[in-house]
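These notes are about the structure you will find just below.
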């Protein structure tokens, strides 16, 4: 573990924590928002632990994910749209809490928190199964098609996990309006997947055959 990698990881971690905190608590007008603290805990504590594990066992993968920079122009648009979606969803959730627009019962937040943690575990399993997993659309040197485990069920289990993560977050915050905003993630990842599969078909041997064997992209029997 290099000190440079540790410093880079910690900088990104605490920067993300600060940004999310500001996006939630400033619109809410208070720090006394239990659901926001719940989300921060279930989002950043597992992230911190996972980062430490990756730093120890797979520093190369951590470095790759920290330094990810999208080269595909279409994917830059996807990243921009995703950022705007989260910006709107977090701000609206804070305003919803401040002005009590639509108040959901507490059990919804706790149930969504359980779903979020299950999705986090699913995401961790995807990372374990696929050493080539990247935040950018690319074909890496010596990359092979992964078709076992979750990749034998759907072609993009990472997006299955992030879909569950992102849709559960506004419910943890108790905001139906924010949940409606995050539904925009479905067409956003559909756009990303189309481009990603085009790149993989062109540059990764065996991917076309893999698509024929595993029909579903994200959700078994559905999508």
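Between residue 53 and residue 209, what FRET efficiency comes out of the Förster formula 1/(1 + (r/R0)^6) with R0 = 35 Å and r the beta carbon distance, rounded to 0.05?
0.55
For a test of the definition: using alpha carbon positions, the gyration tensor, and the 1.5 limit on a/c, classify region 76-223 as rounded, prolate or oblate.
prolate
Angle, helix 73-99 long axis vs. longest principal axis of the chain, Cα atoms, 0 to 90°, nearest 10?
Tilt relative to the chain: about 20 degrees.
For the ranges 161-174, 188-201, what's the packing order if you count other beta-carbon atoms within 10 Å of each residue, average per peptide, and put the highest first?
Peptide ranking by packing, descending: 161-174, 188-201.
Given 0.36 nm per residue, what is the gain on full extension from residue 84 to residue 221 after removing their alpha carbon distance, in nm?
Length difference between fully extended and current span is 46.3 nm.
Residues in region 146-186, backbone N under 13 Å from the label point at residue 110 (7 Å along the Cα-to-beta-carbon vector): list them, ranges by number please.
Taking a point 7 Å out along Cα→Cβ of residue 110, no residue of region 146-186 has its backbone N under 13 Å.
Relative to the longest principal axis of the C-alpha atoms of the chain, give the angle of the C-alpha long axis of helix 185-203, reported between 0 and 90° and rounded to the nearest 10°.
Its long axis makes an angle of about 20 degrees.
Can you give the relative contact order of region 3-213 as a percent, counting alpha carbon pairs under 8 Å and 6+ residues apart?
RCO, region 3-213: 29 percent.
Please work out the C-alpha center-to-center distance from region 155-223 to region 20-39 and express it in whole Å.
28 Å
Rounded if a/c is under 1.5, else prolate if a/b beats b/c, else oblate: with a ≥ b ≥ c from the C-alpha gyration tensor eigenvalues square-rooted, which is region 1-58?
Oblate shape, in that a/c is at least 1.5 and b/c is the bigger or equal ratio.
How much length, in nm to one decimal, is gained on full extension between residue 183 and residue 95, taken as 0.36 nm per residue of separation minus their Cα-Cα distance?
29.8 nm
Between residue 31 and residue 148, what's the calculated FRET efficiency when r is the beta-carbon distance and R0 is 45 Å? Round to 0.05.
Result of the calculation: an efficiency of 0.45.
Would you mind checking the tilt of helix 34-57 against the longest principal axis of the Cα atoms of the chain, expressed as 0 to 90 degrees and rounded to 10?
Here the helix axis deviates by roughly 30 degrees.
Computed from the coordinates by the stated procedures, all read-outs in this text should not be read as laboratory data. Because the structure is predicted, anything quoted here is derived from the model rather than measured. Please note: Cβ atoms are built from the backbone with ideal geometry, for glycine as well, and neighbour counts cover all protein chains shown.
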